[in-house]
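So the structure is just underneath, and the comments pick up after that.
The values are calculated or read from the model by the stated rules, or taken from the named source; none is laboratory data. All of these numbers come straight from a predicted model, not from anything done at the bench. Methodologically, a virtual Cβ is constructed for each residue, glycine included, from the backbone with ideal geometry; neighbour enumeration extends over all protein chains shown. For the accessible areas, the whole protein counts, side chains as well, though only heavy atoms, and no ligand, DNA or RNA atoms are used. Shrake-Rupley method; radii C 1.70, N 1.55, O 1.52, S 1.80 Å.
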Amino acid sequence: MASEDPEKKTEVVLLACGSFNPITNMHLRLFELARDYFHETGKYKVIKGIISPVGDAYKKKGLISAHHRVTMAKLATKNSDWVEVDDWESSQSEWLETLKVLRYHHQKLLSPDPTNSTQNALPLTKPGRKRKQDPHKHDPVKKKNQSPDIKSAPQVKLLCGSDMLESFRIPNLWKLEDITEIVENHGLVCISRAGNNVQKFIYESDLLWRHKNNIHLVEEWITNDISSTKIRRALRRGQSIRYLVPDVVQAYIEKNDLYSPESEDRNAGVVLAPLQKYASDSKN
Ligand SMILES: Nc1ncnc2c1ncn2[C@@H]1O[C@H](COP(=O)(O)OP(=O)(O)OP(=O)(O)O)[C@@H](O)[C@H]1O
Ligand SMILES: NC(=O)c1ccc[n+]([C@@H]2O[C@H](COP(=O)(O)O)[C@@H](O)[C@H]2O)c1
Ligand SMILES: [Zn+2]
């Protein structure tokens with residue numbers, strides 16, 4: 001079978017979920033670091049990167065409108081020939097679990113059908129493979145002229161920083177079955193970030209340890225702890241953010257006067273959507 005030939009490369013799509021409030025140079029670097037890592041293994045071919053800004057219903061403090069966050073991400077990636085922005089997640093009226101976003105993008109790769117929705121974003125049975133019960137639609141991934149050294153179905157892997165991985169242990173933030181499906185069926189690529197000790201975190205979790213082959217840890221040697229929080233803070237203080245975000249993003253922020261003490265107060269006192277959802281679930 002083709003997929004067992006070790007000479008053939010597995011195609012990978014990298015999906016980064018987050019607030020991107022605003023997008024920074026470090027968010028863009030995550031993709032470059034992850035792609036280099038996969039290509040250096042000789043086993044994978046990264047075919048695409050997707051940035052999926054979270055919707056407004058996430059209710060994170062200081063989260064400005066998805067419209068602006070998506071626009072900035074699009075401006076930031078306009079010179080990239082492989083990273084793109086997808087606004088499907090942010091255009092949903094309710095907050096969506098990251099697993100559903102992964103499923104959606106995986107299914108979209110298999111059948112780019114505009115009616116594709118969260119309802120049919122069903123789980124996979126094996127990593128990167130189509131569910132057995134899927135209707136046998138035309139599979140656009142297997143292009144006629146596809147290189148013979150490529151394995152068939154691409155995998156959609158979640159690209160994140162180590163703080164996101166460590167957030168798995170925050171009570172009522174992630175469902176165990178979601179984490180399981182993410183690491184079992186999709187896979188994670190985690191870029192080191194100051195202050196996090198991901199290896200220890202994986203060691204201490206039986207679930208993550210079991211799936212450690214599907215959790216790719218990438219060490220960022222040229223450390224740069226840019227964060228959106230620090231960008232917003234600098235803006236509130238009238239300080240320069242030049243060279244921390246793309247020039248086009250800086251210009252857009254200035255033109256639209258996006259970040260202020262008032263914008264930082266958005267959703268103040270509101271419970272984050274996943275916490276709201278799972279805390280009420282656990283009461284039922
Ligand atoms: N400097 C960084 N190093 C590694 N990962 C990062 C870095 N900045 C952001 N990320 C990752 O990018 C993804 C999106 O993050 P997010 O939009 O929360 O950005 P952020 O800079 O962490 O913003 P905030 O400060 O508002 O939390 C997350 O997986 C996060 O871990
Ligand atoms: N249970 C879940 O699926 C879950 C929980 C918390 C955050 N998330 C996602 O992780 C990302 C976190 O972004 P921030 O670090 O900006 O809060 C967002 O895309 C959010 O939707 C997912
Ligand atoms: Zn963050």
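The number of residues in segment 206-247 being assigned to a helix (DSSP H, G or I), small (Gly, Ala, Ser) and away from ligand 2 (no atom under 16 Å from the Cβ) comes to 1.
If you take the residues in segment 158-174 that are over 16 Å from GLN199 (Cα atoms) and without any contact (Cβ under 8 Å) to a residue 40 or more places away in the chain, which one is nearest to ligand 1 (Cβ to nearest atom)? The residue in question is ILE170.
Among the criteria (1) closer than 23 Å to HIS39 by Cβ; (2) within 16 Å of ligand 3 (Cβ to nearest atom), the one HIS216 does not fulfil is (2). Among the residues of segment 211-224, the one identified as of a type in the set (D, E, K, R) and free of Cβ contacts under 8 Å to residues at least 12 places away in the same chain is LYS212. Filtering segment 6-21 to residues that are of a type in the set (S, T, N, Q) and either closer than 14 Å to MET164 by Cβ or more than 16 Å from ligand 2 (Cβ to nearest atom) (or both) leaves THR10, SER19. Would you say LYS78 is closer than 17 Å to VAL249 by Cα, open to solvent by 30 Å² or more (accessible area, probe 1.4 Å), away from ligand 3 (no atom under 16 Å from the Cβ) and charged (D, E, K, R)? It is true that LYS78 is closer than 17 Å to VAL249 by Cα, open to solvent by 30 Å² or more (accessible area, probe 1.4 Å), away from ligand 3 (no atom under 16 Å from the Cβ) and charged (D, E, K, R). Does LEU217 satisfy being at pLDDT 95 or above, in contact with a Ser or Thr (Cβ under 9 Å, 6 or more places away or on another chain) and open to solvent by 30 Å² or more (accessible area, probe 1.4 Å)? Yes; evaluated as a whole, the condition is true for this residue. The requirement of being within 16 Å of ligand 3 (Cβ to nearest atom) and open to solvent by less than 40 Å² (accessible area, probe 1.4 Å) is fulfilled somewhere in segment 36-52, by at least one residue. Give the residue, chosen from ILE179, ILE170, ILE191, that is farther than 27 Å from THR10 by Cα and at pLDDT 95 or above. Step by step, each of ILE179, ILE170, ILE191 is checked, and only ILE170 is farther than 27 Å from THR10 by Cα and at pLDDT 95 or above. Looking only at residues that are part of a loop (DSSP other than H, G, I, E, B) and within 16 Å of ligand 1 (Cβ to nearest atom) in segment 262-284, which one is surrounded by the fewest Cβ atoms within 10 Å (Cβ to Cβ)? Checked segment 262-284; the qualifying residue surrounded by the fewest Cβ atoms within 10 Å (Cβ to Cβ) is ALA268.
Of the residues making up segment 5-35, those that are in a strand (DSSP E or B) and open to solvent by 10 Å² or more (accessible area, probe 1.4 Å) are LYS9, THR10, GLU11, CYS17, GLY18.
Exactly one residue out of TYR203, TYR259 is modelled with pLDDT of 95 or more and assigned to a loop (DSSP other than H, G, I, E, B), and it is TYR259. The set of residues from segment 235-284 being within 16 Å of ligand 3 (Cβ to nearest atom) and of a type in the set (S, T, N, Q) comprises just one member, ASN267.
The set of residues in segment 225-261 being open to solvent by less than 40 Å² (accessible area, probe 1.4 Å) and in contact (Cβ under 8 Å) with a residue 40 or more places away in the chain consists of ILE226, SER227, SER228, ILE231, ARG232, VAL245, PRO246, VAL249, TYR252, ILE253, LEU258, TYR259. Taken together, the residues in segment 74-92 that are within 19 Å of TYR278 (Cβ to Cβ) and free of Cβ contacts under 8 Å to residues at least 40 places away in the same chain amount to 1.
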